[in-house]
Each structure stands twice: as C-alpha cells, then as structure tokens.
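Report on the following structure.
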Amino acid sequence: MGNRPVSKINVDTKQDKKRNMKLKEIIEKLNLTVICANDQFENEVSGGYCSDLLSDVMGNATEGQIWITIQVHKNIIAVASLKELSAIVIVKGLEPGEDTIETAKKENIVLLSSNETAFDLAGKLYGLIN
Amino acid sequence: MLNLEFVIEGGDFTKAGQASSEVKQILKQINIPPAHIKRIAVAMYEAEVNVVAHAYKGKMSVFIDPSKVYLKIEDEGPGIPNIEQAMQEGFSTATEAVRQMGFGAGMGLPNMKKNVDEMQVTSEVGKGTIVELTTYIT
Ligand SMILES: Nc1ncnc2c1ncn2[C@@H]1O[C@H](COP(=O)(O)OP(=O)(O)OP(=O)(O)O)[C@@H](O)[C@H]1O
Ligand SMILES: [Mg+2]
C-alpha cells in the first residue's frame, strides 16, 4: 500500500454565516437616500422582505427586516410600525407623498429610497447580509 | 380587566391601522409578552383594515384580562355571503382601487387565523360582520 496523504479538518457546522449589519452600513453600501430617520442608524438589520402586498408583509415579514417595496402611500407606515421593521426602502426612484413622510416621522419609521429595481436592490442586500 | 373601544371608519384608508397601533401601545404598557403582541398586532390590523376596505363603519372592542386578550371587530356593511370561501387564501372582492394600494391579496382572514388561538366570524348579508379573536396569555 502506498502512502496516501491524509488531511483532517474540523468543520464547524454551528457557525452562523449570516452577518447582522447596522442600518447605517447598509444605507452606505447600497447607496440609499434617507428620506427620514431619527436615531436608528446603529440598529441591526436582521434581513429583508420584498413585497408590494400589505397583507403578505403583515403575515410574513419579521421584526428588524428591511422592507423593499414600490408602494408609496401612507399605509406602509402602519405596517412597518406594527411589524417593527427596521426600515422601508421605496425602489425605482418612486417618491412618497408628504403625508407618508409626515406619518413616518410621527411613527418614528425609517424611510429610505433607491433608484434601483426591487430585484437589483434585494439581490445586493442579500449579498451583504448572507 | 381592561375594556377599550375604537371607532373604525369604512373607506377611510388614511386612518387604517390607527386603532391597532393604539391597542399595541397599550398591550406593551401592560407588559403582555412581546411574542403575543406581535401576533395580536397582525390579526387586529387585518380585521381593522377589512372594515375600512369592505364595510361602511365599525368598531373594535378590546377586552384584556390576565389570561387572555379578546378582540371583537364588528361592522355595518355588506356582510360575507360565503365565509368559508372568504377564508381561502387568495380570495378577495377588493376593488381595483384598493388593490392598487397593495390590499386585496386575500390574505387578511388567513393571517388572522394563523395568529390567534380562537377566531369566530359571524356575518349577515346586507347587515354586517363580527370577527372575534382570542389570544391566551400563557
Ligand atoms: N368585514 C368585512 N365585510 C365584508 N366583507 C368582508 C369583510 N372582511 C372580509 N370580507 C370579504 O372576505 C374577503 C377576504 O378577506 P381577506 O381579508 O382575507 O382579503 P382581502 O381583504 O380581500 O385582501 P387583504 O386582506 O389580503 O388585503 C374580502 O375580499 C371580502 O370579500
Ligand atoms: Mg383583508
């Protein structure tokens, strides 16, 4: 029998590859525009959810996620607030109305925007976090 | 035992979710466990929005005691002719205008069902609908 090289490594199966990033890092790396925010920049983002159906977000998004949507009316603020999402990103350069911005300020919800499509932005966010 | 009541205006989407936000605040203040609050928030928001989207006017009553949170959302409205069908995910009679806003996925009633311990829907066509949602605090 010839000599066969033997190598041995311990595979760490428990290690969680998911990185929790701070909101400010995500804003910077994805080049997002801040429409309104308070003191949430240091908050950790747990992930993202991408949907334009409010009941879908209500049912399936989880606390701390960033919500990517093309919806701009003020009902998105109540959803983000009740679900305790870390921010809403309005994509495709769409602009929320004054009433949406006012409500976001009042409810202390972070409102961001991007010129990219939901697909492109979600892809980049996924790459950052996972 | 705490008993609160909120008026819900049918058709007025500018205030949709307001009652639910207030109730959520109160549940936090009286130290209901966060895991319960999260689920109750989803269910009551859906019930509130259904009054706004589908009925003329309604009210949400909240009864809280140490063992449970009970919500009763009753409205004057068209009622639901077939409750079993309405409970199916994806079934919706929402108008095009309402769908444009991202409502009308037909997920509201299923979301309620998934997030409470007991749910009862009573409806009379041409009169209105009563949704009762109970969450046991353990
Ligand atoms: N309070 C109500 N009064 C009259 N009809 C109702 C009421 N609640 C629900 N319905 C009927 O049941 C259907 C399903 O309700 P459900 O909440 O599941 O979906 P939706 O409101 O249409 O959409 P979504 O909740 O996803 O935005 C409604 O489209 C409507 O036809
Ligand atoms: Mg609904």
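The values are calculated or read from the model by the stated rules, or taken from the named source; none is laboratory data. Owing to the predicted nature of the structure, the values given are computational and were not obtained by experimental measurement. When we count neighbours, we look across all protein chains shown, and the Cβ atoms used for this are built from the backbone with ideal geometry, even at glycine.
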Self-check item: strands (runs of 3 or more DSSP E) (entirely within region A:1-93) containing at least 3 residues that are within 12 Å of the chain's Cα centre (by Cα)
Solution: A:47-50, A:65-69, A:87-90
Practice problem: Would you check if there is a residue in region B:7-21 being out of contact with any Gly (no Cβ under 7 Å at 6 or more places or on another chain), within 14 Å of ligand 2 (Cβ to nearest atom), part of a loop (DSSP other than H, G, I, E, B) and farther than 23 Å from A:ASP52 by Cα? | Solution: no
Quiz item: Given the conditions (1) crowded, with 21+ Cβ neighbours inside 10 Å; (2) near ligand 1 (Cβ under 9 Å from one of its atoms), which single one is not true for B:LEU133?
Solution: (2)
Quiz prompt | Every residue from region B:67-123 that is within 15 Å of ligand 2 (Cβ to nearest atom), under 24 Å from B:ASP12 (Cβ atoms) and among the basic types (Lys, Arg) | solution = B:ARG99
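Listed here are the residues, each with its yes/no results for (1) surrounded by fewer than 15 Cβ atoms within 10 Å (Cβ to Cβ); (2) touching a strand residue (DSSP E or B) at 6+ places or on another chain (Cβ under 8 Å).
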position	(1), (2)
A:ILE26	no, yes
A:ASN38	yes, no
A:SER46	no, yes
A:MET58	no, no
A:GLY93	yes, yes
A:GLU98	yes, no
A:SER114	no, yes
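Quick test for you: out of B:GLY108, B:GLY90, B:GLY58, pick the one residue that is modelled with pLDDT of 95 or more, surrounded by fewer than 17 Cβ atoms within 10 Å (Cβ to Cβ), within 24 Å of A:ILE76 (Cβ to Cβ) and not acidic (Asp, Glu). Lay out the reasoning, then the answer.
On the way: B:GLY108 fails: surrounded by fewer than 17 Cβ atoms within 10 Å (Cβ to Cβ); B:GLY58 fails: surrounded by fewer than 17 Cβ atoms within 10 Å (Cβ to Cβ).
After applying the criteria, what remains is B:GLY90.
Does region B:24-33 include one or more residues that are farther than 19 Å from A:ALA80 by Cβ, away from ligand 1 (no atom under 16 Å from the Cβ), part of a helix (DSSP H, G or I) and among the β-branched types (Val, Ile, Thr)? Talk me through it step by step, then tell me what you get.
Our first condition is that a residue be farther than 19 Å from A:ALA80 by Cβ; within region B:24-33, this holds for B:26, B:29-33.
Narrowing further to those that are away from ligand 1 (no atom under 16 Å from the Cβ): B:26, B:29-33.
Next, from what is left, pick out any that are part of a helix (DSSP H, G or I): B:26, B:29.
Next cut, among the β-branched types (Val, Ile, Thr) only: B:26.
Taking every residue of region B:24-33 in turn, at least one turns out to be farther than 19 Å from A:ALA80 by Cβ, away from ligand 1 (no atom under 16 Å from the Cβ), part of a helix (DSSP H, G or I) and among the β-branched types (Val, Ile, Thr).
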